[in-house]
Amino acid sequence: MRLLRAALVLFAACACLAAGARAAPPVAKDALVREVGPLSVTIDGSSHALESLIVRPPGDGPFPLAVIAHGAPRDVAQRGRFAVSSLGPQADEMARRGWVVAVVLRRGYGTSTCNVAESAGPCGRPNYVAAGREGAKDLRAAIESLRAQPFIDASRILIVGVSAGGFAALATAADPPVGLRAVISFAGGRGSPAPGVVCEDHALVRAFGAFGETARVPTL
């Protein structure tokens, strides 16, 4: 967790400079503005409410937007136990450095509505491309819902994802929303039923290749 936080801080600082943001000391943690609640989104023509945490610096902005995408548990029974608070420390550290940060739980996780749509299917015949594209729908829908906020600079958007969230982030980069500047993926992937095991790993490699064919934003 500490390594993840350190990497997020380093990348956030570099991305701010690359985007032309003025260097400034981090704001105090207790000065941050926090909002917890459902984020109304539209996916495939249907309305959904995604559990979300939005943390931003004080002031009117507009500030660049960072969306943090969570991973997926091996035990499907754990999906409902996910909470945006688990990524609160990372959101705080980025918000202190000038970002509006949105932690959004995808469909079927935590209190987000609907069933999980991003399953890759059976281990012997996984469809990783379809799984990535479904996860990307949630991230893209969250960005579309957030971009209307007056304190967000929708021309500077970053997606940070871990595990299945990193995989969904790369899938989003393959068909990016307007304003997406970069993606950072921490151990992005899917289909691991046990430590050191990946279902049909060659299929996962092909999925990464499929996303890479059209992705043009910088990724790390």
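Set side by side, the residues 76, 55, 41 differ, and just one is β-branched (Val, Ile, Thr), buried (at least 23 other Cβ atoms within 10 Å of the Cβ) and either out of contact with any Lys or Arg (no Cβ under 8 Å at 6 or more places or on another chain) or at positive phi (or both), which is 41. When residue 79 is tested against (1) under 15 Å from residue 168 (Cβ atoms); (2) within 17 Å of the chain's Cα centre (by Cα); (3) at pLDDT 95 or above, just one condition goes unmet, and that condition is (3).
With the condition being within 13 Å of the chain's Cα centre (by Cα), I'd like the helices (runs of 4 or more DSSP H) fully within segment 103-220 carrying at least 1 qualifying residues. Result: 128-146, 164-174. Just one of the listed residues (136, 102, 131, 117) is under 19 Å from residue 36 (Cβ atoms) and either in contact (Cβ under 8 Å) with a residue 12 or more places away in the chain or open to solvent by 40 Å² or more (accessible area, probe 1.4 Å) (or both), namely 102. For residue 96, state whether it is touching a helix residue (DSSP H, G or I) at 6+ places or on another chain (Cβ under 8 Å), within 20 Å of residue 139 (Cα to Cα) and either surrounded by 20 or more Cβ atoms within 10 Å (Cβ to Cβ) or without any contact (Cβ under 8 Å) to a residue 60 or more places away in the chain (or both). So residue 96 does not fit the description; no. Scanning segment 29-58 for residues that are in a strand (DSSP E or B), aliphatic (A, V, I, L, M) and out of contact with any Ser or Thr (no Cβ under 9 Å at 6 or more places or on another chain) turns up 33, 43, 54, 55. Only one of the numbered conditions (1) free of Cβ contacts under 8 Å to residues at least 24 places away in the same chain; (2) farther than 17 Å from residue 39 by Cβ is violated by residue 148, and that is (2). Cβ-Cβ distances below 9 Å connect the following pairs, each with a first residue in segment 38-59 that is touching a residue at least 12 places away in the same chain (Cβ under 8 Å) and among the acidic types (Asp, Glu), a second residue that is assigned to a strand (DSSP E or B) and open to solvent by 30 Å² or more (accessible area, probe 1.4 Å), and a separation of six or more residues or different chains: 51/36; 51/38. Evaluating residue 3 against the criteria (1) modelled with pLDDT under 55; (2) of a type in the set (A, V, I, L, M); (3) closer than 13 Å to residue 101 by Cβ; (4) open to solvent by 60 Å² or more (accessible area, probe 1.4 Å) leaves one unmet condition, (3).
Among the residues of segment 176-210, those that are hydrophobic (A, V, I, L, M, F, W, C), in contact with a Ser or Thr (Cβ under 9 Å, 6 or more places away or on another chain) and open to solvent by less than 70 Å² (accessible area, probe 1.4 Å) comprise 180, 182, 183, 184, 186, 198, 199. Against the condition modelled with pLDDT under 90 and closer than 22 Å to residue 178 by Cβ, how does residue 98 come out, does it pass? Criteria not met by residue 98.
The values are calculated or read from the model by the stated rules, or taken from the named source; none is laboratory data. Since this is a predicted model, take the numbers as computed values, not measurements. Heads up, the Cβs are rebuilt from the backbone with ideal geometry, glycines too, and the neighbour counts pull from every protein chain shown. Only protein heavy atoms, including side chains, enter the accessible area calculation; ligands, DNA and RNA are left aside. Shrake-Rupley method; radii C 1.70, N 1.55, O 1.52, S 1.80 Å.
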